[in-house]
Amino acid sequence: MIHKCLFPVAGYGTRFLPATKSSPKEMLPVVNKPLIEYAAQEAVDAGLTRLGFVTGRGKRAIEDHFDMNYELEDQIRGTGKEDLIQPTRDLIEACEFSYTRQKEMKGLGHAILTGETLIGDEPFAVVLADDLCIADGDGVLMQMVKLFRQFRCSIVAVEEVPDDHIHQYGVVAGEPLKDGVYRITDMIEKPSKEEAPSNLGIIGRYILTPDIFDVLRETEPGKNGELQITDALKKQAQEGCVLAYRFKGRRFDCGSIDGFVDATNHCYEKFYKNGL
Ligand code: UTP
């Protein structure tokens, strides 16, 4: 039912300079795996194997990562190092990859609209790879796909955010529908502490119905002069239904230094320390 996942990866990653001066933020490794590979694996684990990337200048390394490297393959053939690259090979085998470029950085809403050419007229997921989500059991995207099967409307993943960070998030107000699921009644992009309608902030996982593209086309630039996906989703919520989902698992903001270091320590303990 949902086959496609869109990865907006055109941003400059200025919070991570100088590392992001000439390499994409999404290629930063958490232990030994780039963020974008964690994100692609989460999509595949949710059954989404048609992966679309909205890229920009300086992002070629992402395309190269999801391509075969025959010289390297030749070099490590027959050595134990093949095991290190096998999960990446399996991912490349399992998926179709397509790319388009966002010519100007006009916001996440604009990046998603740029991806229309890769998505067409079907529901799809959006993953922001700098939000690394680690869950026991179903991944966050799988949890959302299951919810979509039941409700068939756009869904945003949310988490409780401390007051002093709320101004960095899109924030939702909603009526509880069932455990951890809210029907959205209002949304504000990056509100002040006083304006925030709740403490539930949107993180980088979305499932969107394709009418979002028409809504985005009609949406005026919002906060910071950027086309905001939050503004388009608010319209969708007013005209139909959009859900907020308090996912199970942990999310690390790897676009910030603190979040990235926390993610590295967490993944090292969880996946690598004991040689797993
Ligand atoms: P962010 O604002 O967190 O990412 O956008 P950024 O701009 O890369 O990082 P900083 O703030 O300068 O450090 C959230 C996500 O949306 C994508 C980014 O790549 C990131 O994954 N994005 C944002 C686009 O693809 N295009 C845009 O115009 C804006």
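Laboratory data are not the source of any read-out in this text; all were calculated from the coordinates shown. None of these values were measured; they are calculated from a predicted model. Here the Cβ is made from the backbone with ideal geometry for all residues, glycine too, and neighbour counts use every protein chain on show.
Spit out the partnerless Cys residues in the chain, using Cβ distances under 4.7 Å as the pairing rule.
Unpaired cysteines in the chain: Cys5, Cys95, Cys133, Cys254, Cys267.
Could you give the nm distance between label points at Lys273 and Asp179, where each point is 7 Å from its Cα heading toward the beta carbon?
2.9 nm
Run the numbers for His165 and Glu93: contour at 0.36 nm per residue of separation, minus the present Cα-Cα distance, in nm.
Full extension from His165 to Glu93 adds 21.9 nm.
Which value, in debye to the nearest 20, describes the size of the charge dipole of the range 1-152 about its Cα centre when Lys and Arg Cβ atoms bear +1, Asp and Glu Cβ atoms bear -1, and nothing else is charged? All intermediate terms of the calculation are to be shown ahead of the outcome.
Values: 18 positive and 23 negative charges, 140 e Å.
In total the dipole reaches around 680 debye.
In whole Å, what is the distance between the alpha-carbon centres of the range 126-179 and the range 61-83?
One Cα centre to the other: 34 Å.
Going toward the positive end of the dipole of the range 121-235, with +1 on Lys and Arg Cβ and -1 on Asp and Glu Cβ, which of Phe151, Ala125, Leu233 do you reach last?
Value: Phe151.
Please say if the range 1-80 is rounded, prolate or oblate, where rounded means a/c under 1.5 for a ≥ b ≥ c the square roots of the C-alpha gyration tensor eigenvalues, and otherwise the choice is prolate for a/b larger than b/c and oblate otherwise?
Numbers: a/c = 1.82, a/b = 1.07, b/c = 1.70.
Verdict is oblate for the range 1-80.
Expected output is a single nm value to one decimal: the length gained when fully extending between Lys223 and Arg60, i.e. 0.36 nm times separation in residues minus the C-alpha distance. What is it? Before the final figure, lay out each step's value.
Working: separation 163, 0.36 × 163 = 58.68 nm, distance 2.93 nm.
Extra length available between Lys223 and Arg60 comes to 55.8 nm.
From the phi of every residue in the range 92-97, what ³J(HN,Hα) in whole Hz does the Karplus formula 6.51 cos²θ - 1.76 cosθ + 1.60 yield, where θ is phi - 60° and glycine or proline is x?
5, 4, 6, 10, 9, 10
How big is the C-alpha Rg of the chain next to the rule-of-thumb value 2.2 N^0.38 Å, as a ratio? Working shown, then result.
Numbers: Rg = 18.4 Å, N = 276, 2.2 N^0.38 = 18.6 Å.
Normalised Rg, Cα atoms only: 0.99.
Mind telling me which of Ile62, Ile85, Ile207 comes out most flexible in a GNM of the chain, alpha-carbon contacts under 10 Å?
Taking springs between Cα atoms under 10 Å, the residue moving most is Ile85.
Per the helix-only calculation at 222 nm, which mean residue ellipticity applies to the chain, given -39500 (n - 2.57) for every DSSP H run of n ≥ 4 and division by its residues, nearest 500 deg cm²/dmol? Present the calculation step by step, with values, prior to reporting the outcome.
Working: 10 runs with 89 residues, N = 276.
Estimated from H runs of four or more residues: -9000 deg cm²/dmol.
Under the definition of Cα pairs under 8 Å and six or more residues apart, what whole-number percent is the relative contact order of the chain?
Details: 513 pairs, mean separation 63.5, N = 276.
Computed value for the chain: 23 percent relative contact order.
If I take R0 = 35 Å and measure r between the Cβ atoms of Thr14 and Asp83 in this structure, what FRET efficiency does the formula 1/(1 + (r/R0)^6) give, to the nearest 0.05? Mind dumping the intermediate values first?
Numbers: r = 36 Å, r/R0 = 1.04.
For Thr14 and Asp83, the calculated efficiency is 0.45.
Which of Lys25, Lys4 comes first, and how do the rest follow, when ranked by fewest Cβ neighbours within 10 Å? Working shown, then result.
Values: Lys25 24, Lys4 21.
Result, fewest neighbours first: Lys4, Lys25.
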